[in-house]
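First comes the structure, then the notes that go with it.
The values are calculated or read from the model by the stated rules, or taken from the named source; none is laboratory data. All of these numbers come straight from a predicted model, not from anything done at the bench. Calculation scope for accessible area: heavy atoms of the full protein, side chains included, ligands and nucleic acids excluded. Shrake-Rupley method; radii C 1.70, N 1.55, O 1.52, S 1.80 Å.
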Amino acid sequence: MKDGVNKSLETLAEIGDAVQEAALKAGYGPTVQAASVKKLVDSVVNFQVNSRAIINEMREMSTKNSKKSASPLKMASAAWQSLLPVRP
């Protein structure tokens, strides 16, 4: 029984050394991989590129829409103005 206990203690000491060494490497080694950072940067850049394309498309649509609605708005404004009393 004494031999079993001693063997167990020795095994725990060996495993403990390996675990502590792995913990030190994990704690003091590089924690962020370059590939992960690159993936994040690529994602942000792609979002910005796509955003610019969407913004430009929406601006063009808005401009076309405002040109289409300008004439009816002018007519409505003229009609409204004709209803207002004349100021001296």
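Below is a table of values for the structure above.
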{"read-out": "Cα-Cα P(r), the chain, percent of pairs per 10 Å interval", "value": "12, 14, 13, 12, 11, 9, 8, 7, 6, 5, 3, 1"}
{"read-out": "GNM flexibility winner over the chain from S43, S71, S62 (Cα, springs under 10 Å)", "value": "S71"}
{"read-out": "Under 14 Å from K68, Cα to Cα: aspartates and glutamates that are on another chain or at least 8 residues apart", "value": "E60"}
{"read-out": "Net length gained if the chain between M75 and M1 were fully extended (0.36 nm per residue, minus Cα distance)", "value": "16.2 nm"}
{"read-out": "Sulfur and carbon atoms: percent of accessible area, the chain [1.4 Å]", "value": "64"}
{"read-out": "Orientation-averaged projected area, Cα convex hull of segment 6-48 (nm²)", "value": "3.9"}
